[in-house]
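Enquirer: Quick one: this structure, given as structure tokens, is what I'll be asking you about.
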Amino acid sequence: MTEFSARTRAANLQRMRDEALDVLVVGAGIVGAGVARDAACRGFATALVDRGDFAGGTSGKTSRLVHGGLRYLRNYRFGLVRRAVRERDLLLRNAPGLVRPLPFLIPSYADRGPGRTLLRFGLFVYDFLSREKTLPRRSWLSPEEALEREPQITAEGLAGAGLYYDAWTDDSRLVLAVVQDAAEAGAVVANHVQVEGLTRKEDRVVGARLRDAMTGDSFTTSSRFVVNATGVWLDDLRSARSTSTIRPTKGIHIFVPRSRIGNRHALALTAKRDGRVVFVLPWGDLALVGTTDTDFRGDPNQVLPDVGDVAYLLDTANATFPTAHLGPEDVVSAYAGLRPLLRKGRAKAESDISRDHAIFEDRDGLISVTGGKLTTHRSMAEEVGGLLARRLGRPQAIVTRDRPLGPPIRPLEEFTDLGFDEESALHLQRRYTPEQVRRHLGAPSATERLVPARPHTWVEVEIAVHEEMAMTLGDVLVRRLGSFYETPDQGVLVAGAVAERIGGLLAWDSTRTDREIRAHEDLVRVHQAFRVDHGG
Ligand SMILES: Cc1cc2nc3c(=O)[nH]c(=O)nc-3n(C[C@H](O)[C@H](O)[C@H](O)COP(=O)(O)OP(=O)(O)OC[C@H]3O[C@@H](n4cnc5c(N)ncnc54)[C@H](O)[C@@H]3O)c2cc1C
């Protein structure tokens with residue numbers, strides 16, 4: 001794909017007004033993006049819209065893991081884990097630029113964490129469930145071997161450690177790749193378009209009323225089926241229901257300087273406070289620490305990390321890495337997301353709530369899909385695609401299992417040869433093809449960094465606008481580049497310059513440019529409130 005821009009979006013909105021669709025997918029998180037990709041690959045006339053940006057909801061606020069969920073074995077969820085492990089293996093094979101192997105260490109301590117026998121058995125089962133055996137096998141480390149690999153973890157009470165492999169990704173960019181592949185397969189896609197309501201004929205859903213958030217224009221689109229993939233907002237579109245489908249739980253993450261923790265691998269730690277698993281993941285020179293899991297009853301549009309959430313993660317990291325001495329002032333950034341978990345059964349603890357997915361077909365024909373994980377989106381989408389094929393009277397087919405996703409990995413020199421320093425080249429290698437980068441090298445300061453301390457370069461802003469449908473400053477800084485997460489100012493210092501650049505490309509006037517900058521500053525302010533809470 002080359003152009004995927006504001007112009008593409010405008011043309012797509014016109015098509016949504018003019019053309020009759022087979023399927024309208026509402027919500028471009030990983031689930032909606034996956035459904036649109038599956039449906040378009042089957043040849044259905046498909047459209048995908050999101051009221052915000054792609055991955056602007058939960059899918060852009062994850063632990064960034066593509067994993068089977070080892071911990072669910074504790075609850076004997078073998079089917080769930082097997083499915084996720086197999087989807088992980090498929091993503092490693094089909095999306096090698098986006099999804100990378102990640103070695104994990106699980107330390108076992110006398111006073112916390114899984115016992116040695118249970119852990120060894122769990123890791124055996126985890127390996128066993130992987131059919132493709134793409135990743136190296138697990139091994140068991142003695143306390144000495146564990147300390148050799150992770151010298152900064154506390155030796156006191158260490159009984160050994162399990163070493164195994166899962167995978168990591170950039171969640172927002174994974175969603176973007178799925179959206180772009182859906183478009184490549186023929187889906188008509190637009191971000192910043194809200195479904196205000198569904199249209200019905202004789203009690204059957206026959207389309208939706210859409211509102212373009214960029215212009216304020218509203219219009220109607222007609223579609224034989226509507227798929228509701230709106231995550232924690234699922235019930236907003238379903239006809240009046242007495243009980244809610246979703247029981248959202250909140251999970252937060254923090255980025256801290258990796259040099260302070262000193263972790264070399266990813267680690268799955270056990271929180272002393274409540275025995276929950278907390279990940280410490282390498283992210284370049286940062287470490288990503290998460291997550292929490294607490295019931296959430298507030299407004300899903302206002303979910304933020306608070307002082308207690310941050311303290312819990314810091315305490316857990318400090319307990320295993322005693323020299324880290326991390327405090328709130330060390331946090332580079334923090335973010336929060338809501339898990340769209342299914343309300344069923346009588347699970348008491350948040351972490352016991354089912355991670356299954358479900359597909360609901362309402363009497364008015366609306367199909368809703370939710371639950372699951374970033375990792376399992378493809379197989380969820382395949383199920384929805386199969387259901388749509390039945391309802392549309394089209395043949396059944398498996399269309400995405402072997403389909404490549406995202407850029408293939410190209411040699412680093414192909415990027416350094418374009419004039420990028422090695423760190424920036426490495427950063428680009430995971431995101432783009434050299435041809436894509438070359439197309440925008442004529443832009444001002446293309447090979448220069450936005451800020452000296454981070455690898456992001458100006459060429460990425462150009463690509464975001466021309467080829468990734470970035471429409472706002474937040475689309476660029478938060479989800480396309482991710483620089484929002486990686487500096488303590490969260491992009492505020494470059495916001496003006498980046499907004500000017502985007503504004504030049506998208507013909508913003510000064511009022512719009514100022515509005516974008518203020519919106520970014522506001523976003524940063526609310527994400528830093530946990531510091532103020534702490535009097536810091
Ligand atoms: C803290 C945390 C960590 C996690 N970590 C992992 C992990 O490491 N690995 C993993 O596999 N899974 C992980 N998950 C689970 C995974 O993130 C979710 O299951 C998944 O992202 C849900 O995707 P979704 O598409 O259903 O929802 P969302 O991503 O929330 O997408 C729903 C979309 O619908 C849009 N929308 C809502 N209403 C409308 C409307 N009226 N019109 C148009 N658009 C609308 C929203 O803007 C939103 O973009 C994690 C979840 C959380 C919360």
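Coordinate-derived values only; no laboratory data. Owing to the predicted nature of the structure, the values given are computational and were not obtained by experimental measurement. Note that each Cβ is placed from the backbone with ideal geometry, even for glycine, and that neighbours are counted across all protein chains shown.
Enquirer: Could you work out how much longer the chain between I398 and D295 gets when fully extended? Use 0.36 nm per residue separation minus the Cα distance between them, nm to one decimal.
Expert: 33.4 nm is the gain from fully extending I398 to D295.
Enquirer: Moving on to the next point. Once you place label points 7 Å from the Cα toward the Cβ at R100 and A155, how far apart are they in nm?
Expert: With each label point 7 Å from Cα toward Cβ, the separation is 3.2 nm.
Enquirer: At 7 Å along Cα-to-Cβ for each site, give me the label-to-label distance between E435 and D217 in nm.
Expert: Each label point is offset 7 Å from its Cα along the Cβ direction, giving 3.3 nm.
Enquirer: Residue by residue through segment 404-420, which ³J(HN,Hα) values in whole Hz follow from phi under the Karplus form 6.51 cos²θ - 1.76 cosθ + 1.60 (θ = phi - 60°), with glycine and proline marked x?
Expert: Working through the residues one at a time gives x, 9, x, x, x, 7, 10, x, 4, 4, 5, 8, 5, 4, 7, x, 9 Hz.
Enquirer: Amide H neighbours of V226 under 5 Å, counting only residues 5+ apart in sequence or on other chains, H built in-plane at 1.01 Å?
Expert: L24, I367
Enquirer: May I pose another question? What pairs from K61/K344; K201/K344; K250/K344; K61/K272; K250/K373 go past 21 Å between their alpha carbons?
Expert: Beyond 21 Å between Cα atoms: K61/K344; K201/K344; K61/K272.
Enquirer: Can you list the residues, at least 5 places off or on another chain, whose amide H is less than 5 Å from the amide H of A266, using H built in the peptide plane?
Expert: For A266, the qualifying residues are L105.
Enquirer: Where does the longest stretch of the chain lie that holds no GluC sites (Glu not before Pro) found in a DSSP loop with 16 or fewer other Cβ atoms within 10 Å?
Expert: 203-447
Enquirer: Convert each backbone phi in segment 278-291 into a coupling constant with the Karplus relation 6.51 cos²θ - 1.76 cosθ + 1.60 (shift: θ = phi - 60°), then list the ³J(HN,Hα) values in order as whole Hz, x for Gly and Pro.
Expert: Result, rounded to whole Hz: 10, 8, 10, 10, x, 9, x, 8, 10, 10, 9, 10, x, 9.
Enquirer: Sticking with this structure for a sec: Largest first, please: the extent of the C-alpha atoms of segment 402-536 along each principal axis, to the nearest Å.
Expert: Per principal axis, max minus min of the Cα coordinates gives 47, 36, 35 Å.
Enquirer: Also: Long-range amide H contacts for D166: which residues qualify at under 5 Å (H placed 1.01 Å from N, peptide plane, sequence gap of 5 or more or a different chain)?
Expert: For D166, whose amide H was placed from the backbone, the distant partners under 5 Å are L102, F104.
Enquirer: By counting other Cβ atoms within 10 Å of each Cβ, how are T249, T220, T2 ranked from fewest to most?
Expert: In increasing order of surrounding Cβ atoms, one gets T2, T220, T249.
Enquirer: What do you get for Rg/Rh of the chain when both radii come from the Cα atoms and Rh is the Kirkwood radius?
Expert: Rounded to two decimals, Rg over Rh is 0.95.
Enquirer: Multiply the residue separation of R525 and E19 by 0.36 nm, subtract the distance between their alpha-carbon atoms, and state the gained length in nm to one decimal.
Expert: The R525-E19 span can extend by a further 177.9 nm.
Enquirer: Now for a separate question. For an R0 of 25 angstrom, estimate the FRET efficiency from the Cβ-Cβ distance between S142 and N75 and round to the nearest 0.05.
Expert: Given R0 = 25 Å and the Cβ-Cβ separation, E is 0.30.
Enquirer: Nearest 5 percent is fine: what portion of the DSSP beta bridges confined to the chain is antiparallel?
Expert: 80 percent
Enquirer: Still on this structure, please answer the following. As a check on your grasp of the helix formula, calculate [θ] at 222 nm for the chain: sum -39500 (n - 2.57) over DSSP H runs of n ≥ 4, divide by the residue count, round to the nearest 500.
Expert: One gets -10000 deg cm²/dmol as the mean residue ellipticity at 222 nm.
Enquirer: Hey, another quick one. When a/c reaches 1.5 or more, the comparison of a/b and b/c decides; with that in mind, is segment 464-513 rounded, prolate or oblate per its Cα gyration tensor?
Expert: Oblate shape, in that a/c is at least 1.5 and b/c is the bigger or equal ratio.
Enquirer: Still on this structure, I have one more. How much length would be gained if the chain were fully extended between E132 and D111, taking 0.36 nm per residue of separation minus their Cα-Cα distance, in nm to one decimal?
Expert: Net length gain for the segment: 4.0 nm.
Enquirer: Between R515 and R209, what is the FRET efficiency for a Förster distance of 30 Å, r being their Cβ-Cβ separation, to the nearest 0.05?
Expert: In this case the efficiency is close to 0.70.
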